[in-house]
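Input: a single structure, listed below in structure tokens.
The values are calculated or read from the model by the stated rules, or taken from the named source; none is laboratory data. Quick caveat: nothing in here was measured; it's all calculated off a predicted structure. Using ideal geometry, Cβ is built from the backbone for each residue, glycine included, and neighbour counts are taken over all protein chains shown.
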Amino acid sequence: MRSLSALAPICAPSRVPGGRKAFEAYLGPESEAWWRHDACESIKAQKVPYPGTILADKGLDDPYLDEQLRPNLLEAACAEAGQPLTLRRHTGYDHSYYFISTFIADHLRYHAAALGDA
């Protein structure tokens, strides 16, 4: 993997109500199987940090920010693991189509640069 980014991700799904509900429905009730699909747990479990910087964008007006999306947990996991992270927070945005359409070009440029095509 040469580039990694996310727009309004649920950062620690095994630790929030919506994520636990989805994991149980799709992966079963055994929470030990969930960690591989949880960004924060995967980052903390790495022996060596991912070689690039992770790019993530969050809307600060997202009603799910504090209870479900939890970007603070992603920051903490990356800091603990020595994983470079660029977490951009945007006032006036939630996680709607408008948010995605506003910042998707930045993510495409980020991936193109990481792949050597920019």
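Mind telling me which of the residues Asp62, Asp57 ends up being outside any strand (DSSP E or B), modelled with pLDDT of 95 or more and either out of contact with any helix residue (DSSP H, G or I) (no Cβ under 9 Å at 6 or more places or on another chain) or under 25 Å from Arg20 (Cα atoms) (or both)?
Answer to the selection: Asp62.
From the list Thr86, Thr91, which one is out of contact with any His (no Cβ under 9 Å at 6 or more places or on another chain), at pLDDT 95 or above, of a type outside the set (Asp, Glu) and farther than 28 Å from Leu115 by Cα?
Thr91
Does the range 76-118 hold any residues that are surrounded by fewer than 16 Cβ atoms within 10 Å (Cβ to Cβ), among the hydroxyl-bearing types (Ser, Thr, Tyr) and not in a helix (DSSP H, G or I), and which are they?
Listed by number, the residues that qualify are Thr86, Thr91, Ser96.
In the range 105-113, is there at least one residue being out of contact with any Lys or Arg (no Cβ under 6 Å at 6 or more places or on another chain) and over 17 Å from Ser3 (Cα atoms)?
no
Looking at (1) in contact (Cβ under 8 Å) with a residue 24 or more places away in the chain; (2) within 15 Å of the chain's Cα centre (by Cα), which is the only condition Glu75 fails?
(1)
Every residue in the range 30-69 that is in contact with a Lys or Arg (Cβ under 7 Å, 6 or more places away or on another chain) and over 23 Å from Tyr110 (Cα atoms), please.
Listed by number, the list holds a single entry, Leu65.
Collect the residues in the range 42-65 that are more than 18 Å from Ser3 (Cα to Cα), acidic (Asp, Glu) and crowded, with 17+ Cβ neighbours inside 10 Å, keeping them in residue-number order.
Answer for the range 42-65, where residues must be more than 18 Å from Ser3 (Cα to Cα), acidic (Asp, Glu) and crowded, with 17+ Cβ neighbours inside 10 Å: just Asp62.
Please work out which residue is surrounded by the fewest Cβ atoms within 10 Å (Cβ to Cβ), limiting yourself to the range 1-36 and to residues that are among the polar types (S, T, N, Q) and without any contact (Cβ under 8 Å) to a residue 40 or more places away in the chain.
Ser31
Suppose we filter the range 84-104 for residues that are within 17 Å of the chain's Cα centre (by Cα) and either under 13 Å from Pro9 (Cβ atoms) or not β-branched (Val, Ile, Thr) (or both); how many remain?
13
Determine whether the range 53-62 contains at least one residue that is hydroxyl-bearing (Ser, Thr, Tyr) and touching a Leu at 6+ places or on another chain (Cβ under 9 Å).
Yes, the conditions are met somewhere in the range 53-62.
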